[in-house]
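Structure, as structure tokens:
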Amino acid sequence: MYILLAALICYALLLLFRQQADLKDRISRLEREKSETEQVLLSFMEQVSEMTEQNSKAEASSNVINEAHQNLSTESVLSEENVVQNEQTESFLKASVLSEIQIEEQDLTEEQVLTDVEQALREGTDLETLARSLNRGTGEVALIAKLSRQTKVAPR
């Protein structure tokens, strides 16, 4: 009787250990899938960020050029007596448009003060506060700090 009870207890322990091993395998598989998903999400966010930066630069320069063209077209309607003045103003406007584009590009680079997310979190900055200052989500900032090779980011 005792031998049967001991065998039953050993069998139950064997099943429990097997279940525990299966659960550990499942946990490690889920953690691996989670890290792969985080890496894919981070690369996607970086690509979207690069695309939005490129689009905003392109829109800013095209807006300035469109305004200059509109100014030029309204000035070309002037009388024939002002043709010489128009040529001078066109060259002046082209020069000013180029200088405005250069100034805007300089402003964009000066405005984008890069923040090292990983360093800021090490220094004790609150994750939510850091995310708000960068106009990003807390999850995105956490992913950048955890997985990204480039931890310095600019606010949006």
Checklist entry - Restricted to region 10-37, and to residues that are among the hydrophobic types (A, V, I, L, M, F, W, C) and open to solvent by 90 Å² or more (accessible area, probe 1.4 Å), which residue is nearest to ALA142 (Cα to Cα)? => result ILE27
Checklist outcome for this item: Output for Cβ contacts, cut-off 8 Å, separation at least six or different chains, first residue closer than 14 Å to GLY137 by Cβ in region 38-60, second open to solvent by 100 Å² or more (accessible area, probe 1.4 Å) and of a type in the set (Lys, Arg), reads GLU38/LYS146; SER49/ARG156
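The values are calculated or read from the model by the stated rules, or taken from the named source; none is laboratory data. Keep in mind that this is a model prediction, so the values were computed, not measured. As a convention, Cβ positions derive from the backbone with ideal geometry for all residues, glycine included, and neighbour counts pool all protein chains shown. Quick note on the areas: whole protein, heavy atoms, side chains included, nothing else; ligands and nucleic acids left out. Shrake-Rupley method; radii C 1.70, N 1.55, O 1.52, S 1.80 Å.
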